[in-house]
1. Return L44, L37, L17 ranked ascending by Cβ neighbour count within 10 Å, so the fewest neighbours appear first.
2. For each of W30, W70, count neighbouring Cβ atoms within 10 Å of the residue's Cβ, then give the residues from fewest to most.
3. Starting from the Cα-Cα distance between R98 and D62, subtract it from 0.36 nm times their residue separation and give me the gain in nm to one decimal.
4. Run the quick spin-label model on R137 and E25: label points 7 Å from Cα toward the beta carbon, then report their separation in nm to one decimal.
5. Please rank D27, D109, fewest neighbouring Cβ atoms within 10 Å first, as an exposure proxy.
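Just so it is clear, none of the values below were taken in a lab; they were calculated from the coordinates. Since the structure is predicted, the reported quantities are computational estimates derived from the model, not experimental observations. Positions of Cβ are generated from backbone atoms using ideal geometry, with glycine treated the same way; all protein chains shown enter the neighbour counts.
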Amino acid sequence: MRWERDCSVFLLATTELLPIGAVEEVDGLWPAGGRVLISANGRLCLVDLEGKRSEVTVVPEDAESVDASWMENGLCASAILHPAADDDDQIEVYPKARGTVALLTYAPDEGWVERAQIPSGCSGLSITRGGRKVAWREPVNVVP
């Protein structure tokens, strides 16, 4: 989901909503203590109440599904990385064997690391708050 117009982000502080300034585009957002972790324009950034951004990491270029969690020791994130498109000149045979895509995770001390190959077509990545478990949607059959 991408919000590009009239985007307002608020932080719930005990009994009141506090606006977070300077948020214009958002691909995803997660709580990060007194700040918000925002995914926008291929970057994961921390934004404070005044709208000051500090970039945490750049999301890998071909990542389609990203989820993140902010912990005491920093960012924990995961992404599904799709390979470059196949050559369109080849004849396709059906049913087509499913390829694989890379499942990446991010930790402050490691950066982005490939953890596994999962079936192509997977999406909807979800990571637990502590970053120890990752889940995704996997289609039963893929129709081109």
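1. Numbers: L44 23, L37 20, L17 10.
Lowest count first: L17, L37, L44.
2. Details: W30 17, W70 21.
Ascending number of Cβ neighbours within 10 Å: W30, W70.
3. Once the chain is fully extended between R98 and D62, it gains 11.1 nm.
4. 2.4 nm
5. D109, D27
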